[in-house]
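Worksheet: the structure to be examined is printed underneath.
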Amino acid sequence: MGKERRRGHERGQGRGRGDARPARGPGERRAREHRSHEHRTSEHRTSEHRTHEHPGRAAGREWGRWQRGDGGGLPWRSTLLIAVVVMAGTGFAARNQPDREALDALGRALLLLGAAPLLFRHRWPVPVVFGVAAVTLGYLLAGYPYGPVFVMVAVACFAAVVHGHRTAAAWALGLLWAGHLLLSHWLYRWLPPAGDGPAPWGQELPAAAFAVAVLAASETVRVRREQRAQLRADRAAAEQRRADEERLRIARELHDVLAHSISVINVQAGVGLALLDSDPEQARTALTTIKAASKEALGEVRQVLDTLRTRGDAPRAPAPGLGRLPELVEQAGAAGLTVTVTTTGPRTDLPPGADLAAFRIVQEALTNVVRHSGSRAARVWIGYGSGHLDLTVDDDGPATGTEAGGSGNGLAGMRERAAALGGTIEAGARPDGGFRVHAVLPFHQEEPPSPQETP
């Protein structure tokens with residue numbers, strides 16, 4: 001065992017850098033460059049999104065980061081700021097309230113004790129709001145001066161409501177107000193400061209208004225946050241839906257392109273193999289057809305894959321439409337299928353989406369004839385109507401019943417294309433043994449502006 005390990009170690013030392021890993025080929029280099037490009041593109045999109053972000057949303061995130069300090073712990077900075085404001089403000093307020101108890105060490109300790117739970121207002125909002133309300137009531141029971149002490153209650157109530165505990169916040173404020181009511185009108189005789197009299201009933205209305213205002217402002221902020229969260233969720237769902245639709249669109253395009261071209265190549269390959277010895281010239285023609293079909297398929301696949309490039313780039317080639325129907329008929333003829341095209345109604349320039357859908361439906365229908373029908377002839381009817389296009393593809397059958405290597409998604413793809421335009425499609429066997437595909441594709445054509453409307 002020791003000798004084997006030494007031999008392995010010697011082999012590892014004797015191998016140079018060039019032997020340590022295989023040389024990277026051009027394909028791997030292109031893949032690495034593609035990954036690098038995607039990474040840079042992702043970073044650019046992220047920075048662009050941050051640059052165009054709403055100022056209020058960005059400011060809110062910056063405030064949250066600032067109050068948490070290093071970004072993720074307790075809100076100690078904002079809590080410290082509240083404690084300093086309450087301590088300093090109460091000291092100034094005490095100067096104008098000589099009839100209240102002097103703000104001694106116990107009073108300042110109660111203020112600090114009320115500010116300390118605010119550190120945990122986002123983790124445990126309900127205990128914090130009741131705790132702060134209880135400490136504030138104890139501070140008032142001790143006869144200390146009024147002032148910014150109620151700021152702590154407002155902050156705790158705000159945190160509770162924003163986190164969805166509006167009932168707990170209302171109870172805490174209600175109990176504090178009720179305790180202050182008892183203190184100001186009945187319990188003052190036995191509590192400091194000595195010689196204190198009943199408070200005027202008129203001050204209870206501003207106190208109640210303050211409590212209602214705190215609850216209303218907190219609820220407003222909570223509703224707006226929920227609306228923003230719902231808006232973000234809807235936006236994410238819409239982006240996911242668009243991504244899914246784009247993925248399905250690309251899948252349909254690839255299926256239609258490859259299914260048709262591979263079917264032609266499959267038929268011609270069979271002809272070439274069968275006639276390779278007996279009729280080399282015909283075999284050469286079949287190979288020429290295979291070359292042309294594969295070149296056409298590669299071109300269309302590249303066009304589809306171009307849509308996966310950087311967002312915002314326009315396609316390099318126009319999408320196929322009924323204008324390329326003669327090419328489709330020629331390809332089907334090369335596969336041994338004679339196609340007759342009949343057009344009725346005044347020809348109309350179709351919108352790109354309807355034009356592409358019509359072309360792909362005819363292409364898939366002819367592909368299915370080549371694959372699954374024993375007929376060597378198909379008929380295509382194109383009817384231009386008022387705001388809609390009728391497509392019918394017929395063959396006389398019969399169905400061969402053989403497996404042609406399809407995925408079974410052709411008819412589903414045609415229905416998806418028709419449904420995307422608000423149209424319908426019917427596909428099924430005819431009573432005489434043939435097969436028919438009939439599609440109705442609505443479209444809306446923009447009217448050109450009249451001469452008097454042209455600036």
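What follows draws every value from the coordinates through simple rules; no lab data is involved. The shown structure was predicted, so the numbers you read here are calculated from the model rather than taken from an experiment. Neighbour counts run over all protein chains shown; Cβ positions are idealised from the backbone, glycine included.
Multiplying the residue separation of Thr338 and Arg284 by 0.36 nm and removing their Cα-Cα distance gives an extension gain of 17.4 nm.
For the range 69-144 versus the range 273-302, the inter-centroid distance based on Cα atoms is 87 Å.
Sum up the charges of everything whose Cβ sits under 13 Å from the Cβ of Val212, counting Lys and Arg as +1 and Asp and Glu as -1, but leave Val212 out. Net charge around Val212: -1. Between Leu175 and Ala420, the C-beta separation translates, for a Förster distance of 60 Å, into a calculated FRET efficiency of about 0.50. If you average the sequence gap of Cα pairs under 8 Å that are 6 or more apart and divide by the length of the range 97-174, what percent do you get for the contact order? Dividing the mean separation by the residue count of the range 97-174 yields 36 percent. Electrostatic bookkeeping for Ser261 treats Lys and Arg as +1 and Asp and Glu as -1; over the other residues with beta carbon under 9 Å from its beta carbon, the sum is -2.
Cβ under 11 Å from Gly333's Cβ, Gly333 left aside: what net charge do those residues give with Lys, Arg +1 and Asp, Glu -1?
Details: positive: Arg376; negative: Glu327, Glu330.
That works out to -1.
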